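Before any comments, here is the structure.
The values are calculated or read from the model by the stated rules, or taken from the named source; none is laboratory data. These figures come from a predicted structure and were not determined experimentally. For neighbour counting, all protein chains shown are included, and Cβ atoms are generated from backbone atoms with ideal geometry for every residue, glycine included. The accessibility values were calculated without ligands, DNA or RNA, using every heavy atom of the protein model including side chains. Shrake-Rupley method; radii C 1.70, N 1.55, O 1.52, S 1.80 Å.
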Amino acid sequence: MPVVDLNRCEGKDACVAVCPYDVFEVRKIDPSDYRDLSFVGKIKSYVHGGMVAYTPHADQCRACGLCVKACPERAIKLVKI
Ligand code: SF4
């Protein structure tokens, strides 16, 4: 399944566009996730309007790797569950 590094993600939608299984959703960062960001991550979040990618349908992932290659911020990695 994909794991998004919210300190790197800038909510640019590349993962949403490329995933054949609609795993991703880009939306405003949850307050609890915002609190956990690094100092630099908070600054980036402010600059990009607080938009990040979440994986509400991670169970649909087929580990094709397209999102990992597409992400311009290198914010996604695949992990085994
Ligand atoms: S690895 Fe493939 S199926 Fe899984 S989230 Fe990324 S693009 Fe979607």
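Brief remarks on what is shown
- Projecting the Cα atoms of Gln60, Ile29, Ile43 onto the dipole axis of the chain, where Lys and Arg carry +1 and Asp and Glu carry -1 at the beta carbon, places Ile43 farthest toward the positive end.
- Accessible-area composition of the chain, carbon plus sulfur, in percent [1.4 Å probe]: 56 percent
- Taking N as its residue count, the alpha carbon Rg of the stretch 1-40 over 2.2 N^0.38 Å: 1.25
- Calculated over the chain, the projected area of the Cα convex hull averaged across directions stands at 4.9 nm².
- Å² per residue, accessible surface of the chain at 1.4 Å: 65 Å²
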